[in-house]
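Here the structure is laid out as structure tokens; the discussion comes afterwards.
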Amino acid sequence: MTITFLRLFALLALCVSASGYSNAASVNDANSGPDDVIAEFYRLMSFEAGSRPDYAAVRSLLSDDAAILLSAQPENVELAGADESIQRIRQQIDELGFEDFGLKFTPRDINCRINVTTAYCVTVVEVEYPGLDASPVTSTDLTTLELRQGRWLATSSALFVTVPDVAPPSILSYPVIRKDVTRVTGRKWDRPLPFMAQKVIDLGYDLPKPFGISIIPVVMRQDMNLDNLAISLTDGPLQDIDIVDFDGTSVESNTLQFKLDAWLFPFMNVFASFGLLDGSANVPVVVQGVDLMNYVGLGARCDGGLLEPNLCQRTLVAEFKPEYKGESYTVGFTLATGWKKMFVALPVSHTWTNLDDGKEAEAFNVSPRIGVNSDIGSWGIMSTFIGATYLDSTNQVTGAFTFDTSDSGVPELGDTVTVDYEVDQSNKDKWNYLIGFNWNISRRWSAQAEAGFGGSRSNFISSFTYRY
């Protein structure tokens, strides 16, 4: 008999917590909240021996599309609509003779959270059987209500437990609300950027803090092409000529950048950075002796005769390693979007560098990537990605190199020849691959590292960012 009572109580409590409140005038008051609805309904469902609940009033508190869990037994879970729920309650009370001893429901805690027009409530209720020698039973119910045409109506309900001595619930961490319910209208974005942020927040998405400060070390090595050579001897005017082979030229650079960024739109980040550059180049130079003789106007001596100078058959080789410093300025933007745990991003930037020799260099960079976000618990969020980088770097290089012309057989040249040059420099391979990660330690701090490889360019980039 006790098991039967408990099962009936489960039916009653589920319907009670789901249904809300209607026949009392107070629930139609503009100041009433869902907790008032639930409390009043438990009062309506309580009845003394010889009477019954007002089933019509109970039904009016359920929305027409309500879904009620009618059994908390794992092996027999049933869902029913509003009309069927009321009919089942009526049958159970009649068949088991509850009108002979009555039922009394006493809510102990009603915990509701309201989001605009939807309320999620956890209720701890104690049920007593006045006409029976039976201990009270405590249950915890979960109910969803919606505000429709100025009235709160229950749309779904379920019973968590039906056991004695249940402590007040903390399962959903809802604050206890009894009167004067403060309606929660959803999170408000109170920052000036990004534009359209509130629309994204209202759709249920989260956004990073809009502003960031980063420090970014960059290490790079790449092969270079040298074109449009102009040279001169003995401080003469530069002349366009192609007698020098620079094959195998490479550069290495270290840059420390300081970046400021802001999310202009939820899908677009804009940034600017200032960097300090420190680099060096390895420039092997090869000139055929006969080409040098022709350049200085002595090519007629290279006639293959017995008196032909040694220089006509020699290959002059030199190597110099210039070092340079500079300041760089970068502006750019990143387009980003995601789906579930996946994301794609497209950083685009343009960099201008002022070198200490008075020359300027420019670089255009596009770096598409795709990745996945992984929740690593208390350690934050780890994002891993792969992609590719397009880099188009150009600058003009000037310098001088010296050849050993001793034993050349050309007294006019002396023991050494110094050649001044000016040449256009560009990176040999525009594309390479990349792999990396971004670790969001918290909403404020993050660290990133990526490595570029493939072709004749390799690079390593790291960053440390503070967002606010």
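Which members of the stretch 300-323 meet the condition of being out of contact with any strand residue (DSSP E or B) (no Cβ under 9 Å at 6 or more places or on another chain) and polar (S, T, N, Q)?
ASN310, GLN313
Results for (1) modelled with pLDDT of 95 or more; (2) in contact with a Leu (Cβ under 7 Å, 6 or more places away or on another chain), shown as yes or no for each residue.
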| residue | (1), (2) |
| --- | --- |
| GLU327 | yes, yes |
| LEU355 | no, no |
| TRP379 | no, no |
| THR405 | no, yes |
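From THR416, THR384, grab the single residue that is of a type in the set (S, T, N, Q) and either over 30 Å from the mean Cα position of the chain (by Cα) or modelled with pLDDT under 90 (or both). Explain how you work it out, then say what you get.
Details: THR384 fails: either over 30 Å from the mean Cα position of the chain (by Cα) or modelled with pLDDT under 90 (or both).
Answer to the selection: THR416.
Among the hydroxyl-bearing types (Ser, Thr, Tyr) and closer than 21 Å to PHE385 by Cα: is that true of SER442 in this structure? Explain how you work it out, then say what you get.
On the way: among the hydroxyl-bearing types (Ser, Thr, Tyr): yes; closer than 21 Å to PHE385 by Cα: yes.
Answer is yes for this residue.
Are any of the residues in the stretch 359-371 within 30 Å of SER280 (Cβ to Cβ) and aromatic (Phe, Trp, Tyr)?
yes
Can you tell me how many residues in the stretch 450-468 are surrounded by 15 or more Cβ atoms within 10 Å (Cβ to Cβ) and under 15 Å from the mean Cα position of the chain (by Cα)?
2
Among TYR421, TYR433, which is the only one that is in a strand (DSSP E or B), farther than 27 Å from LYS341 by Cα and of a type in the set (Phe, Trp, Tyr)? Step through it out loud before you land on a result.
Details: TYR433 fails: farther than 27 Å from LYS341 by Cα.
One residue alone meets the criteria, TYR421.
Which of the residues spanning the stretch 190-200 are at pLDDT 90 or above and either of a type in the set (Ser, Thr, Tyr) or part of a loop (DSSP other than H, G, I, E, B) (or both)?
ARG191, PRO192, LEU193, PRO194, PHE195, MET196
Which of the residues that make up the stretch 229-249 are under 53 Å from the mean Cα position of the chain (by Cα) and either loosely packed, with under 14 Cβ neighbours inside 10 Å or free of Cβ contacts under 8 Å to residues at least 40 places away in the same chain (or both)?
Result: ASP240, ASP242, ASP247, GLY248.
For the stretch 233-240, check the following and say yes or no: at least one residue is modelled with pLDDT under 90, among the β-branched types (Val, Ile, Thr) and closer than 30 Å to ASN294 by Cα. Walk me through it before giving the result.
Taking the stretch 233-240 as the starting set, the residues that turn out to be modelled with pLDDT under 90 are 233-240.
Those left that are additionally among the β-branched types (Val, Ile, Thr): 234.
Now narrow it down to the ones that are closer than 30 Å to ASN294 by Cα: 234.
Scanning the stretch 233-240, I find at least one residue that is modelled with pLDDT under 90, among the β-branched types (Val, Ile, Thr) and closer than 30 Å to ASN294 by Cα, so the answer is yes.
Return the residues of the stretch 436-468 that are aromatic (Phe, Trp, Tyr) and part of a strand (DSSP E or B); say none if nothing qualifies.
Residues of the stretch 436-468 that are aromatic (Phe, Trp, Tyr), as a first pass: 437, 439, 445, 453, 460, 464, 466, 468.
Hits for the stretch 436-468 are PHE437, TRP439, TRP445, PHE453, PHE460, PHE464, TYR466.
Six or more apart or on different chains, Cβ under 8 Å: which pairs go from a residue in the stretch 298-327 that's under 15 Å from SER406 (Cα atoms) to one that's among the β-branched types (Val, Ile, Thr) and assigned to a loop (DSSP other than H, G, I, E, B)? Could you list them?
Close Cβ pairs (under 8 Å, with a partner that is among the β-branched types (Val, Ile, Thr) and assigned to a loop (DSSP other than H, G, I, E, B)) amount to PRO309/VAL410; LEU311/THR405; LEU311/VAL410; LEU316/THR405.
Residues checked against (1) buried (at least 17 other Cβ atoms within 10 Å of the Cβ); (2) in the same structural domain as VAL348 (by TED's automatic domain parsing); (3) within 30 Å of GLU252 (Cα to Cα):
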residue	(1), (2), (3)
PHE274	no, yes, yes
LEU277	yes, yes, yes
SER280	no, yes, yes
VAL285	yes, yes, yes
GLN288	yes, yes, yes
CYS302	yes, yes, no
LEU311	yes, yes, no
ARG314	yes, yes, no
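Only one of these conditions is not met by SER378: (1) more than 20 Å from PRO217 (Cβ to Cβ); (2) surrounded by 18 or more Cβ atoms within 10 Å (Cβ to Cβ); (3) not hydrophobic (A, V, I, L, M, F, W, C). Which number is it?
Of everything listed in (1) more than 20 Å from PRO217 (Cβ to Cβ); (2) surrounded by 18 or more Cβ atoms within 10 Å (Cβ to Cβ); (3) not hydrophobic (A, V, I, L, M, F, W, C), SER378 misses just condition (2).
The values are calculated or read from the model by the stated rules, or taken from the named source; none is laboratory data. Here the structure is a predicted model, which is why all the values come from computation and not from measurement. Glycine gets a Cβ as well: all are built from the backbone with ideal geometry, and neighbour counts include every protein chain shown.
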